[in-house]
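*Asks:* One structure is given below, represented as structure tokens, and several questions about it will come after.
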Amino acid sequence: MSLPDSRTFTPATIFSTLVRKVRGFAHRPWFEKVWFLPVWLLLGISRFVILTIPFRHLALRLGAHEGIAPWVPLVDARAEARALSISRVVRMAANYTPWKSNCFPQAITARILLGLYGVPYSLFFGVNRNAEDVTLAAHAWVAAGRVRVTGGMSFNQFTVVGCFVSARLLTMSRQFSE
């Protein structure tokens, strides 16, 4: 929640902002209302895990590692709608955390929710090298069908260096290949 600048920081503006936020929240779909607090907590847990557990141990829980081959799972309309709802609640909750809830905690949280609902997903890690000042930017994003659950449209900006897919997606792909 962004606070007004110091010139307009009065009890009346704080109250009107709070009322506006509560009304906006009241008009959200039930899924987002129910999952807001658990997702907010999951973002904190995800951030803590990222800071305390080495990636090689964390990677075991992200899904099946499929190298750098970027595949986006095809999902039916119902799963796509669920992925879109998950995307909305993760982005909304991330805006209200007092800790840093950048792409990585959002991707982990989205992966957990997609797994709970059985929606096939792909979690990607990518890098982008800035030629001007020779720096690397890292990014994580999750896709399920046409829905970019977290991380936005990242394929054209980042080179995929790792792809993790849901176990359900692997099972489905093996059935089709047989």
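*Asks:* How large is the convex hull of the C-alpha atoms of region 65-148 per residue, in Å³? The partial results should precede the final answer.
*Replies:* Working: hull volume 9.6 nm³, N = 84.
About 115 Å³ per residue, rounded to a whole number.
*Asks:* Which distance in nm do the two modelled labels at ALA137 and VAL22 give, with both placed 7 Å along the Cα-to-Cβ direction?
*Replies:* Placing both labels 7 Å along Cα→Cβ, they lie 3.9 nm apart.
*Asks:* May I pose another question? Which whole-number percentage describes the relative contact order of region 72-121, with Cα contacts under 8 Å and a sequence gap of 6 or more?
*Replies:* 53 percent
*Asks:* Still on this model: Pick out which of ILE53, ILE86, ILE108 has the largest mean-square fluctuation in a Gaussian network model of the chain, springs linking Cα atoms closer than 10 Å.
*Replies:* ILE53
*Asks:* Now a separate question. Mind checking the dipole of the chain: about its Cα centre, +1 per Lys or Arg Cβ, -1 per Asp or Glu Cβ, Debye to the nearest 20? Write out the running numbers ahead of the final one.
*Replies:* Working: 20 positive and 8 negative charges, 115 e Å.
Computed about the Cα centre, the dipole is about 560 debye.
*Asks:* Once Rh for region 4-74 is found with the Kirkwood sum over Cα pairs, what is the Stokes-Einstein diffusion coefficient at 4 °C and 1.567 mPa s, in µm²/s?
*Replies:* Stokes-Einstein gives a translational diffusion coefficient of 78 µm²/s.
*Asks:* Based solely on C-alpha atoms, express the radius of gyration and the Dmax of the chain in angstrom.
*Replies:* Both quantities, over Cα of the chain: 18.3, 67 Å.
*Asks:* How high is the relative contact order of the chain, given as a whole-number percent (alpha carbon pairs under 8 Å, six or more residues apart)?
*Replies:* 26 percent
*Asks:* Rank LEU18, VAL49, LEU116 by how far each Cα sits towards the positive end of the charge dipole of the chain (+1 on Lys, Arg Cβ; -1 on Asp, Glu Cβ) and give me just the farthest.
*Replies:* In the chain, that residue is LEU18.
*Asks:* To continue, here is another question. Using 0.36 nm per residue of separation minus the Cα-Cα distance, give me the extension gain between LEU58 and ASN95 in nm, one decimal.
*Replies:* Fully extending the segment from LEU58 to ASN95 adds 10.9 nm.
*Asks:* Just want to confirm a number: the relative contact order over region 88-162, from Cα pairs under 8 angstrom separated by 6+ residues, in percent.
*Replies:* After rounding, I find 30 percent.
*Asks:* Angle check, please: helix 30-52 long axis (alpha carbons) against the longest principal axis of the chain (alpha carbons), in degrees 0 to 90, nearest 10.
*Replies:* The angle comes out at about 70 degrees.
Rule-based calculations on the coordinates, nothing more; no lab input. Computed from a predicted structure; not experimentally measured. All Cβ positions, glycine included, derive from the backbone under ideal geometry; neighbour counts span all protein chains shown.
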